[in-house]
Each structure stands twice: as C-alpha cells, then as structure tokens.
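Down below is the structure, laid out as structure tokens.
The values are calculated or read from the model by the stated rules, or taken from the named source; none is laboratory data. This is a predicted model, so every value here is computed, not measured. Don't worry about glycine lacking a Cβ; one is built from the backbone with ideal geometry, like all the others, and counts go over all protein chains shown.
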C-alpha cells in the first residue's frame, strides 16, 4: 500500500485502529474515500442516544422510545433505532468485530434517498438500497484478499462466528488468493441482483425480496421504514435535509440517483475506478449531527425553548464550522440553565470530541464500568466520578469491552492498588470468553496427549480475597484462577493448585509436551476433567 495513503487515512480518521482501515484492498479504498470526504467516527459507548419523541414511535412499539441500558458491561445497540442512513457519522461499537468499521464508513459514502412526499414503499426501498454496497463489502469484497486463519481460509465471511485468530491476521497482508475472483464475481452479482429487484419493485409497486442465505435486504428495508417512518415523515426531517444536506453531501432526491451512486462506488471499491468524495467537510458533518439532535429535542418542546433551538439550528446551518459549533454549544448551555431540556452532558454527547470539552458521556461510560466491575467501582467510593472522568478522556476506539479497558486504565495509573486487582478479576469474569464447542465435543477421545495447549476461552487471572463481598483491603492470599464461559453461558471460576497454575501459565505461551510440563498424572486428569487444556490433534 502507498505509505502516503496510510498517512492520509490515519490523519483524518486518526482515532480508528489502522488495521481496520487496511484489512483488505476494498477496506482500504473505502477508508481512503471516507478520509477524503472527512467523515466522522463516533464511539457508540460515548454517545448518548436521546429518547425519541413519542409521536415518532410506532403505535405498537413504545419500547423504541427509550434507549437500552448497560447489561453486564455491554451496551446493546437497537438494530434499527441506533442507526440512521441520513447521518454522515460512522459508529464504532467496541463490542463489534473490525469488519464493522469500513461497513459503517461505506454507509456514509453511499448516502440516503429522501423526498418530502415519499411513501413508505419509497422509504423501504431507499433503506434497502442503502444497505446493498455495505453488505456486499462485508460478505464479498472485503474477502477478496483478506487473510484468514488456517481453519477458515477460503470460507468467506463467518456470519455470527467471531474468530480471534482471523481478527488478528486481518490487515497484515493482502495476498491474491484463488478464491478471490469468486468473491469478486459473487459480490458484483449480488449488487446487480439487488438493484434489479429494486427496479422491479418500483415498476410493480410491490416490495420484491431477494435472499442471500439468511439475508433479505427487502425485509430489512421494510423493518427500517417501520421503525423510522414517523421520523422520516416529520417536519424535522424535512428541515434537516433542506438546511444541512446540500448537493454532494450524501442526500439523493430519487432512488435512481442512489442506485447510480451505488454503481459508482461499487466500481471504485472493486476495481479502483474513479469515485467522487462527498462535499462538506468534517465540521459540516458535525453541524449536521448536532443540528439533528437539536431538531429532535425541539420536536418534544414548546414555547420559548423552540424559539431558542431554532436560533441555534440557524447558527449551525448558516456557516457550518468550528466557530458555529462552539456558538451553538454555548447557546445550548444557556438554554439548559433556564429551561428543562436534556442536560448538555447528554445532548452534546455525540461520541467524538466537541469544543468546550463535550462529546463523550462520562455518566454513560461510568454506568458501563459499574455494570462490568461493580465491586471495583464501589471500592472507588468518592473517587469514582473523578476516576471515570479520567478514564473517559483516555478511552480510545478499541474492540475490547469496557470492563477490560477500565482495568487496563487502572493498571496504568495504579498498578499496585487492590482496586486494580479486583477490576482485573471482575472484567475477566464479566467478559469471559466462551469455550470451543468442537473441543468440548471431542474432549480427549482418541487424542494425542503428548502435546497439549490451553483450552480455547480459558483465561488466567489473579482472584483477590474478598473480591465478591466488598472486603478487599490488600492482596494477601490472592490466588491464580482459570476463568471460562461454559456453553450454557455460565462462567466457571476454577481454583488451581500451585502445580496446575504453573502449567497453565506455561501453556499461555503456547503448546507444550506433557513430558516437559512435568505434571503429576492426577493433576493432569484434573485439568482434563475441567476442560482447561486441550490436545493439538485427535485420531479417528
């Protein structure tokens, strides 16, 4: 890859892990055009999703109005309400795999179709089209020269399976593989088929499906239109498009225009043909994003609040830039002092840095820490707020759960603190990896036990005394334990003898012969029975 291109990408999308932007040739091309378009990336866990106005919620779905909360260190993402095609902000969810980054950036480049008199069918077909290239990128174009581990090479996208070995390899090289041409042709056929079926749907006036394995973009489009229908028909949506979505900013007035954009970008992503970057720049996208949040708040407001918000929206739309964004923020701070509106810390928590120190929600991230590491959070006492605020400032885009990131933060700043040990232990339990079903099924039946390895999903961690009853005072009596999530979802914490702990610590470094490990037979049987070790190979 051209080193200048890497510099350009990392300068513009500086917070994003480089490997996610360079994992394949197709991903790199998406990243380059997204960089040229100055698209914005938002951390999902730092961004506060504002409650939907009641009139925007479907009659039978009141649950869509309130955002979901943290569950054991995971902030769920509502499939349709968390994502809007009309936003030029790509979401980074720490709990999602690396493929999502260029998928999200691709959405930003494709854009959206909208017109004020559009029917539900129009909105459903627009939503379907908006997914065509991002989905083709995920299942086909990203796979053309993507490295995968020996178990999955040539398999293509793994659907619901997450393979850590594949994730580690992605982005390390781009060799041309024999199956690459097949992925290319299948992806192009998928795009052509979806566009053709959309045209048939327009002509027939009927939503016509086209399935790929378990995927049906027409069904997804209808679900998106159902969830967003009232929002898409609202006065506020019309104002967003009129005031923030000029020519070349990703808005298409017709489905035909959106189809042409998809075809243009497909040729670019697959073959490197010329494609047009979006016009507007970073601060326009930020102004648009903030403007929409103000429009959403206004939809649930009345009187003087509406007047003030209209003025702030005028500022953002008039000359989108850092100065306008700063003035709008100052104006909202003043509004929040006088009226009951969402607090600035929530309204301005967009998931990326804003002027005046806004952009990231300390409260929301703190709730995540408390859900993942409740004992450690409680032990912080009066220092919890200050500690989480410091963590929020340091927290970067990383595909790791909040508990592990927080434990790492404490390790950097207070490595000898008992709280750090507790956080590390709690994070290991809360975010425990799952066992490998194949390993459990095969066990040690007909296995070659001369060479063994640490079983998949097993993690060694120090368990401090009193970690689960808020009585941690020092590290005296701390013990190394093995943590792993069983197939039923329950987390097992296995106490280890000194000999077993030594052996498993050695196996963390890689496979070893049972002779080298010098483990007594009875201790070896304990590890086998607990499925903490696995053979390298099995016989027939």
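Computed values, structure above
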quantity: Of all residues in region 444-482 being at pLDDT 90 or above and in a loop (DSSP other than H, G, I, E, B), the one that is surrounded by the most Cβ atoms within 10 Å (Cβ to Cβ); calculated: 458
quantity: Residues (surrounded by fewer than 18 Cβ atoms within 10 Å (Cβ to Cβ) and touching a residue at least 12 places away in the same chain (Cβ under 8 Å)) located in region 306-319; calculated: 310, 311
quantity: Residue list for region 352-392, restricted to those being without any contact (Cβ under 8 Å) to a residue 24 or more places away in the chain and touching a strand residue (DSSP E or B) at 6+ places or on another chain (Cβ under 6 Å); calculated: none
quantity: Residue ID - surrounded by the most Cβ atoms within 10 Å (Cβ to Cβ), chosen from residues in region 497-519 that are part of a loop (DSSP other than H, G, I, E, B) and touching a helix residue (DSSP H, G or I) at 6+ places or on another chain (Cβ under 7 Å); calculated: 519
quantity: Hits in region 218-242 (condition: within 27 Å of the chain's Cα centre (by Cα), surrounded by fewer than 17 Cβ atoms within 10 Å (Cβ to Cβ) and modelled with pLDDT of 95 or more); calculated: 219
quantity: Count - residues of region 249-271 that are within 27 Å of the chain's Cα centre (by Cα) and either farther than 19 Å from residue 24 by Cβ or surrounded by fewer than 17 Cβ atoms within 10 Å (Cβ to Cβ) (or both); calculated: 11
quantity: So residue 55, is it in contact with a helix residue (DSSP H, G or I) (Cβ under 8 Å, 6 or more places away or on another chain), at pLDDT below 95 and in a helix (DSSP H, G or I); calculated: yes
quantity: Any hit, region 180-200, residues being touching a residue at least 24 places away in the same chain (Cβ under 8 Å) and not in a helix (DSSP H, G or I); calculated: no
quantity: In region 190-217, the residues that are touching a strand residue (DSSP E or B) at 6+ places or on another chain (Cβ under 7 Å) and at pLDDT 95 or above; calculated: 190
quantity: Which listed residue, of 280, 291, is assigned to a loop (DSSP other than H, G, I, E, B) and surrounded by 18 or more Cβ atoms within 10 Å (Cβ to Cβ); calculated: 280
quantity: Residues of region 240-298 satisfying the condition of being in the same structural domain as residue 123 (by TED's automatic domain parsing), in contact (Cβ under 8 Å) with a residue 60 or more places away in the chain and more than 18 Å from residue 108 (Cβ to Cβ); calculated: 243, 253, 254, 255, 270, 272
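To keep it simple, each residue is scored yes or no on (1) part of a loop (DSSP other than H, G, I, E, B); (2) touching a helix residue (DSSP H, G or I) at 6+ places or on another chain (Cβ under 9 Å); (3) within 27 Å of residue 530 (Cβ to Cβ).
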{"site": "411", "(1), (2), (3)": "no, yes, no"}
{"site": "420", "(1), (2), (3)": "no, yes, no"}
{"site": "423", "(1), (2), (3)": "no, yes, yes"}
{"site": "426", "(1), (2), (3)": "no, yes, yes"}
{"site": "432", "(1), (2), (3)": "yes, no, yes"}
